[in-house]
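For reference, the structure is listed below as structure tokens.
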Amino acid sequence: MRRITTLAGIAAVSLALAACGGNAGTNGGTETQSSEGANPWEGDASQVDVMTWWEAGSEKLGLEALEKVFQEQNPDTKFVNAAIAGGGGSQAKQKLSADLANKNAPDTFQAHAGAELTDYIDADQIVDISGLYDELDLKSAFPATLIDRLTVDGSIYSVPSNVHRANVVWANPNVLKEAGIDTEKPPADIDAWIADMEKIKAAGKTPITVGMAWTQVHLLETILIADLGADGYNGLFDGKTKWDSDEVKKALTHFEKIMSFTDKSLHSEDWEPAMNPVIEGKAAYNVMGDWAVAAYDSQQKKAGTDYIYFPVPGTDGIFDFLADSFTLPKDAKHPGGTKAWLQTISSKEGQIAFNKVKGSIPARSDLSDAEKGEFSEYQQNAMQSFGNDTIVSSIAHGAAVPVKVSNAISDAVTKFTETGASVDDFQAEIVKATQDLGK
Ligand code: BGC
């Protein structure tokens, strides 16, 4: 069986385990051989077409920061922005799949480290770039827990630009105070959180917001983590935890209750408009990955006064992980440009400039204390959590399951939330959606 380490029983691996690596440096350097022997980088370096879904709002600012470093490091390679709108890659992945099938590949594309990459590997659409890891000494620059999630049958197919945390509640402290909720003491578990939502509802504000399908899956996965714990949640992907179990039913019932507190008119919105009511003081909570930091930053909002954050109740000590990672497609027209891009995104300079704006933390674990000090309070906190917490992989963001499975889960979730089907029917749909996992 192919080996891709997604979840099973992976405890936190301290960042300290990763030895210091050097700065990946700038474009150029020696030729890299892939493990198959051919040189995958041979070819045009005059431009690089970069496909992401960082097309709008605060995410676009992150991409612009990266582009700036790229052009400084590679003045002779033209950056071509091939971004496709839609948070979570909701539109991009479909377009990408068609482009790859039609041999119309971009020079590099954003994907999630972990199971999502297996789709492209199985279809023989992306190239083994393990040689670049040796050339740039990336195996010692990235923490072992990340290298593990990037490795498939001993090969690596992408370079991560960042690490995001998904299990974060973003809250408006003023809305909580108006409802008589202690902002210093987050609820201990989902039931206590639901009790707080009742208070907010009674005070006349929307307790929690959620947007389109993928944001609902995102919310659901964090409730699964809270109710099953890290081991139980990890077991969902290797068959040890049954999707038709009572524990899963408990989580789905919690999800149903929490969805009942949301504003339905936001259910077709992307993540940023769906969380705006929280930023504006019309709603209390939103569960979102820490790209939310970028949204607050872009509206000049300050942590502590304008917003507070805490792990989804019941997930303290667990880091729900995802990483954006870039590839070399087999049919890339400018593989030389791709190499330059991968060098920039893996370099300390690129990772610092990008992550400061994006809300995520650098995938590299060799930042000095002074370099870490340049990041926001939230990000320094996330760096510590990533080093100390138990790591689990995100469903909604491709770390835990292939695209096909996350699409099927997403269909089951929207069918449930839009038709008001019973929890039993919902669970039956989810069981169907996940039937190939662990096989
Ligand atoms: C990506 C993030 C992005 C978020 C919202 C996630 O899948 O990993 O980089 O900010 O979607 O679009």
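The values are calculated or read from the model by the stated rules, or taken from the named source; none is laboratory data. Note that the structure is a prediction, hence the values are computed from the model and not measured. Note that we place each Cβ from the backbone using ideal geometry, even for glycine, and neighbour counts take in every protein chain shown.
Here is a yes/no grid of residues against (1) among the small types (Gly, Ala, Ser); (2) modelled with pLDDT of 95 or more; (3) away from the ligand (no atom under 16 Å from the Cβ):
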{"residue": "273", "(1), (2), (3)": "no, yes, no"}
{"residue": "276", "(1), (2), (3)": "no, yes, no"}
{"residue": "280", "(1), (2), (3)": "no, yes, yes"}
{"residue": "285", "(1), (2), (3)": "no, yes, yes"}
{"residue": "294", "(1), (2), (3)": "yes, no, no"}
{"residue": "303", "(1), (2), (3)": "yes, yes, yes"}
{"residue": "307", "(1), (2), (3)": "no, yes, yes"}
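In this structure, residue 119 does satisfy being over 18 Å from residue 82 (Cα atoms), touching a helix residue (DSSP H, G or I) at 6+ places or on another chain (Cβ under 8 Å) and either in contact (Cβ under 8 Å) with a residue 40 or more places away in the chain or within 16 Å of the ligand (Cβ to nearest atom) (or both). When residues in region 47-62 are screened for being under 19 Å from residue 105 (Cβ atoms) and not polar (S, T, N, Q), 7 of them pass. Pick from region 193-212 the residues that are part of a loop (DSSP other than H, G, I, E, B) and within 15 Å of residue 417 (Cα to Cα): which of them is farthest from the ligand (Cβ to nearest atom)? For region 193-212, the residue satisfying everything is 210. Remark: pairs (first residue in region 319-330, closer than 20 Å to residue 381 by Cα; second residue in a strand (DSSP E or B) and of a type outside the set (A, V, I, L, M); Cβ separation under 6 Å; 6+ apart in sequence or on different chains) = 319/165; 321/393; 322/112; 322/164; 323/160; 324/110. A search for C-beta distances below 7 Å between a residue of region 218-244 that is closer than 26 Å to residue 187 by Cα and any residue that is of a type in the set (Lys, Arg), counting only pairs 6+ apart in sequence or on different chains, returns 227/250. Among the residues of region 36-49, is any surrounded by 21 or more Cβ atoms within 10 Å (Cβ to Cβ), more than 23 Å from residue 156 (Cα to Cα) and of a type in the set (S, T, N, Q)? No, region 36-49 contains no residue that is surrounded by 21 or more Cβ atoms within 10 Å (Cβ to Cβ), more than 23 Å from residue 156 (Cα to Cα) and of a type in the set (S, T, N, Q). Residue check: residue 153 meets all listed conditions (1) crowded, with 23+ Cβ neighbours inside 10 Å; (2) over 22 Å from the mean Cα position of the chain (by Cα); (3) at pLDDT below 95 but one, namely (1).
This table checks each residue for (1) modelled with pLDDT of 95 or more; (2) more than 25 Å from residue 395 (Cβ to Cβ); (3) more than 16 Å from the ligand (Cβ to nearest atom).
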{"residue": "125", "(1), (2), (3)": "yes, no, yes"}
{"residue": "158", "(1), (2), (3)": "yes, no, no"}
{"residue": "169", "(1), (2), (3)": "yes, no, yes"}
{"residue": "184", "(1), (2), (3)": "yes, yes, yes"}
{"residue": "214", "(1), (2), (3)": "yes, no, no"}
{"residue": "217", "(1), (2), (3)": "yes, no, no"}
{"residue": "222", "(1), (2), (3)": "yes, no, no"}
{"residue": "227", "(1), (2), (3)": "yes, no, yes"}
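The residues of region 252-305 that are within 15 Å of residue 88 (Cα to Cα), among the small types (Gly, Ala, Ser) and surrounded by fewer than 20 Cβ atoms within 10 Å (Cβ to Cβ) amount to a single one, 268.
Filter region 309-346 for residues that are among the polar types (S, T, N, Q) and in contact with a Ser or Thr (Cβ under 6 Å, 6 or more places away or on another chain); which is nearest to the ligand (Cβ to nearest atom)? The selected residue is 325.
How many of the residues in region 259-273 are over 29 Å from residue 55 (Cβ atoms) and among the hydrophobic types (A, V, I, L, M, F, W, C)? Full working, then the answer.
So in region 259-273, the residues over 29 Å from residue 55 (Cβ atoms) come out as 260-261.
Filter once more, so that each one left must be among the hydrophobic types (A, V, I, L, M, F, W, C): 261.
Count: 1.
Check region 364-373 and report whether any residue there is within 16 Å of the ligand (Cβ to nearest atom), farther than 30 Å from residue 125 by Cβ and not aliphatic (A, V, I, L, M). Scanning region 364-373, I find no residue that is within 16 Å of the ligand (Cβ to nearest atom), farther than 30 Å from residue 125 by Cβ and not aliphatic (A, V, I, L, M), so the answer is no.
Within region 227-241, does at least one residue satisfy the condition of being surrounded by 22 or more Cβ atoms within 10 Å (Cβ to Cβ) and either within 30 Å of residue 282 (Cβ to Cβ) or acidic (Asp, Glu) (or both)? Yes.
Tell me, which helices (runs of 4 or more DSSP H) lie completely within region 77-145 with 1 or more residues that are of a type in the set (D, E, K, R) and either within 27 Å of residue 385 (Cβ to Cβ) or under 17 Å from the mean Cα position of the chain (by Cα) (or both)? First the steps, then the outcome.
Values: elements: 92-101, 116-122, 130-135, 138-141.
Correct list: 92-101, 116-122, 138-141.
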